[in-house]
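First the structure, in the form of structure tokens, and then the observations on it.
The values are calculated or read from the model by the stated rules, or taken from the named source; none is laboratory data. Please read all numbers here as calculations on a predicted model, not as lab measurements. Every residue, glycine among them, receives a Cβ derived from its backbone with ideal geometry; neighbour counts consider all protein chains shown. These area figures cover heavy atoms from the full protein model, side chains too; ligands, DNA and RNA do not enter into them. Shrake-Rupley method; radii C 1.70, N 1.55, O 1.52, S 1.80 Å.
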There are 2 protein chains.
Amino acid sequence: MKIDPSDLRRVSVFKEATDDDLSLFVENSILRMVEEGEFFFFQGDPAKYFYILVSGKAKLLQSNPAGQQVNLRTINEWQMFGALGAVRPDAIYPATAQALEPCTALAIESVFLHDALQTRPYLNFGLMQLMTGYIQEMQERYRELATERVERRIALTVLRLAAQIGKRSGGEETMVELPLSRQDVAEASGTTIYTVSRVLSDWERRGLVETGRERVLIKNPHGLVQISEGLDQ
Amino acid sequence: MKIDPSDLRRVSVFKEATDDDLSLFVENSILRMVEEGEFFFFQGDPAKYFYILVSGKAKLLQSNPAGQQVNLRTINEWQMFGALGAVRPDAIYPATAQALEPCTALAIESVFLHDALQTRPYLNFGLMQLMTGYIQEMQERYRELATERVERRIALTVLRLAAQIGKRSGGEETMVELPLSRQDVAEASGTTIYTVSRVLSDWERRGLVETGRERVLIKNPHGLVQISEGLDQ
DNA sequence: CGAACAATTGATCCTCATCAAACCTTGTGG
DNA sequence: CCACAAGGTTTGATGAGGATCAATTGTTCG
């Protein structure tokens, strides 16, 4: 499999890159395949590479000392991850990256990006925009976890995941398909698989979603938005 | 009151700035005084200025639609805040900034920083380091909120706040003084004033802290670390 | 001294985690 | 192609951890 450098322009940070720059990045990359459930890197490892997901879906997660996990971010095609290491040369990954499906990704040395940042202002801005986005998302999710009830949090989480990795499904409807297990949703919303299962079953009874093994199909996004805002019932 | 430009070097982003740059920033700044409890800006306002706190302490908070608040960050002297607006010209503040004590701060137009970033690589790196720090802190706090019990979370919060805004107190001891109400601690740890009060009273009985009105004195930081790691009892 | 506000403490209740057991789906090997 | 294993999902029963409420006490400041 060969990567066309111009494909890299689908990565937000490279939107305004020159053709030469794109080629340079591709030439300095390694293509890595990762099986479903396997890992790109672990929390605590030296952040030697950053990645650009070419195909598949992945998640960033963090574990506490007892081994409980939370999902910090879900990664779709043409998104960068593991790039915080480009800022400090001695950085370690603050999270673990795991494939949700069979994945292929470009791995590029962090120092390469670090050096490129010195001479290419557009990269700085792109990376900062990405970072401000993460900061805002994490702040929102933190507030939600601190102040909202589970059902709302699950609704907010499912809607967010739909926007990030959802596949439009079934005709011109606004139905969105998510390849996520109850476990994944629980880790992303800060609850347990039992509660996620109960809530999804309830939503299914009300015709909002359709569920299956490692699958959630959103049939009525607007209904979920109402739940997330506490406007239902 | 007059600001000596070289004082700005205490701001992490300006650590490696030239004297000329520092003077330029000071010349383009306005000195704002904000009374205790008053606000620098509100969540949702256009992010026209960013701030450098010169004296006092402040906090960044976010409210949900019902008005419940969470504390996102606590700000000490010579820290920047409200700077996310420098990345996107049309940004709005994602959080509200409120003074915990009487404060003075330099207000500088976001576009000024935005323009300066174009020509001064050291600013880009400084700002990115700051941002990666926030991202990592928010990720950690999110995980803690999702997986840890209240007492541990309060211990982690108090220790973090001590590192960020604590004043060393009482001789050469490792005692640290925090000018925070139960409300502040509750908002920072995602719980209620009642629970914070109960936990602090318990710690006081055990000789770990001393409490007062809008005041927490940490007498035994190591004991709190043990609690935060679940090693007590 | 009194008003305003912060903190404490007890009683109660509710949401959600936990546990256990059964059920369903998918893939594999005989 | 069926049977079975493995692992995901559902559902009920139970209980605990904290939130909530209410009343009191303590502190600060005009």
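Residue-wise test of (1) within 11 Å of DNA strand D (Cβ to nearest atom); (2) open to solvent by less than 30 Å² (accessible area, probe 1.4 Å); (3) of a type in the set (A, V, I, L, M, F, W, C).
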site: B:V150; (1), (2), (3): yes, no, yes
site: B:L156; (1), (2), (3): no, no, yes
site: B:V185; (1), (2), (3): no, yes, yes
site: B:I218; (1), (2), (3): no, yes, yes
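Within segment A:33-75, being open to solvent by less than 30 Å² (accessible area, probe 1.4 Å), farther than 22 Å from A:I193 by Cβ and in a loop (DSSP other than H, G, I, E, B) holds for A:A47, A:G56. A:L208: more than 13 Å from DNA strand C (Cβ to nearest atom) and in contact (Cβ under 8 Å) with a residue 12 or more places away in the chain, yes or no? Considered against the rule, which asks whether it is more than 13 Å from DNA strand C (Cβ to nearest atom) and in contact (Cβ under 8 Å) with a residue 12 or more places away in the chain, A:L208 comes out as yes. Screening segment A:194-216 for residues that are over 20 Å from A:A99 (Cβ atoms) and β-branched (V, I, T) and picking the one that is nearest to DNA strand D (Cβ to nearest atom) gives A:T211.
Inside segment A:76-93, residues that are assigned to a loop (DSSP other than H, G, I, E, B), aromatic (F, W, Y) and either modelled with pLDDT under 95 or closer than 22 Å to B:E137 by Cβ (or both) make up a count of 1. Taking the condition crowded, with 16+ Cβ neighbours inside 10 Å, within 16 Å of DNA strand C (Cβ to nearest atom) and within 26 Å of B:R143 (Cα to Cα), does B:I165 pass? So B:I165 fits the description; yes.
Pairing residues of segment A:142-160 that are within 20 Å of A:Y194 (Cα to Cα) with residues that are in a helix (DSSP H, G or I) and away from DNA strand C (no atom under 13 Å from the Cβ), at Cβ distances under 6 Å and at least 6 apart in sequence or on separate chains, gives A:R152/A:S228; A:A155/A:L224; A:A155/A:S228; A:L156/A:S228; A:L159/A:L224. If you check A:G37, A:G56, A:G82, A:G44 for being at positive phi, of a type outside the set (S, T, Y) and either touching a residue at least 60 places away in the same chain (Cβ under 8 Å) or assigned by TED's automatic domain parsing to the domain that holds A:A188 (or both), only one passes: A:G37. When you go through B:G212, B:G230, B:G223 one by one, which is the residue that is more than 14 Å from every other protein chain (Cβ to nearest Cβ), surrounded by fewer than 16 Cβ atoms within 10 Å (Cβ to Cβ) and among the small types (G, A, S)? It is B:G212. In segment B:43-69, the qualifying residues are those that are more than 24 Å from A:R141 (Cα to Cα) and hydrophobic (A, V, I, L, M, F, W, C), and the one that is farthest from the other protein chains (Cβ to nearest Cβ) is B:V54.
Can you pull out the residues in segment B:70-90 that are at the interface with chain A (Cβ under 8 Å from one of its Cβ atoms) and either of a type outside the set (V, I, T) or in contact with a Pro (Cβ under 7 Å, 6 or more places away or on another chain) (or both)? Before the answer, list the steps.
The first filter runs over segment B:70-90 and keeps only residues at the interface with chain A (Cβ under 8 Å from one of its Cβ atoms), leaving B:70, B:72, B:84, B:87-88.
Within segment B:70-90, B:L72, B:L84, B:R88 qualify.
The single condition among (1) over 27 Å from A:F125 (Cβ atoms); (2) not in a strand (DSSP E or B) that A:S6 does not meet is (1).
Within segment A:190-203, residues that are under 22 Å from B:G190 (Cα atoms) and within 14 Å of chain B (Cβ to nearest Cβ) sit with their Cβ atoms under 9 Å from residues that are aromatic (F, W, Y) and more than 9 Å from DNA strand C (Cβ to nearest atom), at 6+ positions apart or across chains, in these pairs: A:G190/B:Y142.
For residues that are surrounded by fewer than 18 Cβ atoms within 10 Å (Cβ to Cβ) and without any contact (Cβ under 8 Å) to a residue 12 or more places away in the chain, tally how many sit in segment A:91-136. So the answer is 6.
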